Amino acid sequence: MCGIKKIIIGVATVLLLNLMYLLFMMATYCLPTQGQLRDNIGDSLSVWVNEVNCVKPLFDDYGFYLDSFSDMIWANAATISTGDAFKDTVRQPYKVTSQQFTDQETYNNLVAALYYADESSESEYSRYWNLQIGWIKILFQFVTIREIRFLLFSLTSIIAFILLLVLHREGRGIVIPIFGGMYMTSLILHSTCLSFFGDIVIALSGMLFIACRYKTEWYKKWEYLVYIVIGSLTFANAPLVAPVLTLGMCLLVSVLLRKSSDRQASSWLLLITDSVCWGVGYLGTLLFKQILSQIILGYQTGTDTIAQWIGFDFGIGDRFRILFNNFARLFSPQVVKIPIIVLFIVFAVWGIIKAGRKIDYILQVIFISMYPIGWILLVARHAQHYFTSNILCVFIAGVSAVLVSKIDFSKL
């Protein structure tokens, strides 16, 4: 297929996906916001109120942060419907009584949205599609946050389990690093958070799809399109939370399954092409949403927000400090994780000495492992948030893959 035709199909795919996002969100804004939805969100307040004053809700540890702050904003937005589903989709309004960005104020805003809407002013989250607002609008019609969290955890666990089963057929050299990355970042546990669930389930689903289809002629023909879709979904559902997770983990699975030599220019070209296509899907979706906002609202806030989160006023020292803090959260709690890391390294060194083998795709794996580090250094202001350390799953899985892949398990 010629390059021009691929570009046309890629652009058409991004446009079609964004049209689907628009229609989905418009449909959810047509759902009733009275009755069961408000009752279920109201019942959920008893869960969130216990988390308001707790900065480290999970295990009282910074490495297990649950973003109730953002989740309450999405629940707040789920209660709003002005009657104009199209404009609501573009604006994504929510109620506020204060512009202070604290868990307590966000909780107060949610209470006001539920019971004192007439006394509240209106803010908006127009810069993103925020598909999570759409699907929680549906879920809150039937269940509370307790049940939603359990459903998200169950779905993620099932996908992860199936993924590991599929990868197991390809050998321990790919199962161990992928499992290790998921374990070190507690991805399955973090999926109970509405804001984290999107990136995690997109990453796991993308990895599973690649693992099941990578040998087929269809996938070889349309691989670039798969990464465009993954990138687009990543921005549309949970932008800037941990986007490199979906790219890095899918690329790692691709490289580890193919085992293409670093000496082959075609393997590097494919790696770069897939990365670029992911970026096309991600940034193309951003542009579509912002152009629509500019046309409908007369303004857009997406590009300004991106510039803000990059933190142009941050120096090199600030950026490396933030990188260090992300690694500190990654290895927390140290009393558990550090001994496990030491034991893994000892096992890997012993395995390499006992049954070492030569592999020639290490450089590609190391290259992918650097993606989250590059993201943290670039988007430094946003990388200060606790949940950003989730993207280091790519780093852990990549480094582990380099070590484990050098062991011939059949000789042990």
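The values are calculated or read from the model by the stated rules, or taken from the named source; none is laboratory data. Quick caveat: nothing in here was measured; it's all calculated off a predicted structure. Glycine gets a Cβ as well: all are built from the backbone with ideal geometry, and neighbour counts include every protein chain shown. All accessible areas refer to the heavy atoms of the entire protein, side chains included, with ligands and DNA or RNA removed. Shrake-Rupley method; radii C 1.70, N 1.55, O 1.52, S 1.80 Å.
When Ser126 is tested against (1) part of a loop (DSSP other than H, G, I, E, B); (2) surrounded by fewer than 22 Cβ atoms within 10 Å (Cβ to Cβ); (3) of a type in the set (S, T, N, Q), just one condition goes unmet, and that condition is (2).
Looking at the stretch 10-123, the helices (runs of 4 or more DSSP H) lying wholly inside it that each contain 2 or more residues that are over 21 Å from Val241 (Cα atoms) and open to solvent by less than 40 Å² (accessible area, probe 1.4 Å) sit at 36-52, 85-91, 103-115.
Please indicate, with yes or no, whether at least one residue in the stretch 51-72 is modelled with pLDDT of 85 or more, of a type in the set (Val, Ile, Thr) and either touching an Asp or Glu at 6+ places or on another chain (Cβ under 7 Å) or over 30 Å from Val335 (Cα atoms) (or both). No, the conditions are met nowhere in the stretch 51-72.
Out of the stretch 334-368, which residues are of a type in the set (Gly, Ala, Ser) and touching a residue at least 60 places away in the same chain (Cβ under 8 Å)? The one that is of a type in the set (Gly, Ala, Ser) and touching a residue at least 60 places away in the same chain (Cβ under 8 Å): Gly351.
Restricting attention to the stretch 278-335 and to residues that are outside any helix (DSSP H, G or I) and among the aromatic types (Phe, Trp, Tyr), the residue that is least open to solvent (accessible area, probe 1.4 Å) turns out to be Phe314.
Scanning the stretch 184-219 for residues that are hydroxyl-bearing (Ser, Thr, Tyr) and over 16 Å from the mean Cα position of the chain (by Cα) gives Tyr214, Thr216, Tyr219. Of all the criteria given as (1) among the hydrophobic types (A, V, I, L, M, F, W, C); (2) open to solvent by less than 10 Å² (accessible area, probe 1.4 Å); (3) at pLDDT below 95; (4) farther than 24 Å from Ala78 by Cβ, the one not satisfied by Ile210 is (3). Can Leu247 be described as modelled with pLDDT of 95 or more, assigned to a helix (DSSP H, G or I) and surrounded by 23 or more Cβ atoms within 10 Å (Cβ to Cβ)? It is true that Leu247 is modelled with pLDDT of 95 or more, assigned to a helix (DSSP H, G or I) and surrounded by 23 or more Cβ atoms within 10 Å (Cβ to Cβ).
In the stretch 135-194, the qualifying residues are those that are free of Cβ contacts under 8 Å to residues at least 40 places away in the same chain and among the small types (Gly, Ala, Ser), and the one that is least open to solvent (accessible area, probe 1.4 Å) is Ser191.
If the condition is being over 23 Å from Asp313 (Cβ atoms) and β-branched (Val, Ile, Thr), then the stretch 363-390 contributes Val365, Ile366, Ile368.
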